1. Among 101, 108, 285, rank each residue by its count of other Cβ atoms within 10 Å, from fewest to most, as a rough exposure measure.
2. What 222 nm value per residue comes from the helices of the chain, counting each DSSP H run with n ≥ 4 as -39,500 (n - 2.57) and dividing by all residues, nearest 500 deg cm²/dmol?
3. Go ahead and run the numbers for FRET between residue 23 and residue 205, Cβ-Cβ distance against an R0 of 41 Å, rounding to 0.05.
4. By how many nm would the segment from residue 143 to residue 124 grow when fully extended, if each residue of separation counts as 0.36 nm and the alpha-carbon distance is taken off?
5. Please state the Cα pair-distance histogram of the stretch 108-179 with 5 angstrom bins from zero: what percent is in each bin?
6. Among 334, 223, 51, what is the fewest-to-most ranking by other Cβ atoms within 10 Å?
7. What fraction, in whole percent, of alpha-carbon pairs in the stretch 66-153 exceed 19 Å separation?
8. By how many nm would the segment from residue 386 to residue 335 grow when fully extended, if each residue of separation counts as 0.36 nm and the alpha-carbon distance is taken off?
């Protein structure tokens, strides 16, 4: 066992936790106690789903091999600690691509399964779990179980989006997507109001593989909800670019004592981000790396939020009330004196996830990130939770560090199915304060 500095993506920063390798965990399994462990990948969650301060982390990143890849069918099998960028590096030369990719390629495959991550094409492909063919799960009893929709199906469903609580994922087999080119043809639409966004989103869902919008969260009056919609499809086979740069091209060397993002600086930045795009639709070709994973090119970018770190809130809510709910969320954050840099609005489609605790569901999802202002930020996040839940929606646990048990239960009414299949040796700080909180049954 050793103490590792786990650089959490949110307010927890670099906090040392006891860590063991998957091999050491398996070797010592005869003495494993209850709720003593938690598997962790790259620790990119913004909250405490990847923390277990009262126990030990299992560093699955140390097992990161790609075990097999069939360039004919696009089936790839890898250890849970492999990152998505590694899979793309193997698959892209054969014109295969991840059917679902989040906004970073640094997520481990185990983490993508455990959080059932989604991408900008949820309306077309669903979430990550929809493309998992099977996985191998190590339970604290010593059993190695192959789980799939046909074999150990209940455990498979609990593991997809199961926050690492059903056991240690050893390896995963995925179906990749055949594409004419990994690069994309990007369609950019600037819009002047929230109403205009919803009109554009309806068309984009019908016409494009990917679409997501950036909103100016600080805009008010008739301009409230203005922004830019980015839609894309994979380019044709003639599209070629030089080799994609490997690793960050820029780096933020340290955290300033205060956040560089505040209402004053962001008003200027938002005006630039809005005005840099022409009215109407513009079309261009873009590399897959810059479209899907732009921030991976900037090492340590989260340090720009200051020493207190970054807090993120993501909610999903029904289509019927989406315009009103979105406006209320934006206005609540603005009135609370919080400025969001990466405000994103996206449509989730009707493809159901196989996971019991998957966050993605039909509706619209709004993501906002804020520099941590302490108690004021906690009060804001609680208010945003209430708006989402009252609208019939849910809050994403992988971005959370303070969700109440009541909000958790309203967001995930099927959580007891996961608790029934949770490996007794596994628990997270998130699960302790929500599902296992006093009063929960």
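Just so it is clear, none of the values below were taken in a lab; they were calculated from the coordinates. Keep in mind that this is a model prediction, so the values were computed, not measured. Neighbour counts run over all protein chains shown; Cβ positions are idealised from the backbone, glycine included.
1. Details: 101 25, 108 28, 285 15.
Listing 101, 108, 285 from fewest to most nearby Cβ atoms yields 285, 101, 108.
2. Numbers: 13 runs with 112 residues, N = 441.
That calculation yields -7000 deg cm²/dmol at 222 nm.
3. Values: r = 46 Å, r/R0 = 1.11.
Efficiency for this residue pair is about 0.35.
4. Values: separation 19, 0.36 × 19 = 6.84 nm, distance 3.61 nm.
The residue 143-residue 124 span can extend by a further 3.2 nm.
5. Each 5 Å bin holds this share of Cα pairs: 4, 17, 29, 26, 13, 7, 3, 1, 0.
6. On the way: 334 17, 223 14, 51 23.
Ascending number of Cβ neighbours within 10 Å: 223, 334, 51.
7. Working: 1562 of 3828 pairs.
Considering the stretch 66-153, 41 percent of its Cα-Cα pairs are separated by more than 19 Å.
8. Values: separation 51, 0.36 × 51 = 18.36 nm, distance 1.58 nm.
Full extension from residue 386 to residue 335 adds 16.8 nm.
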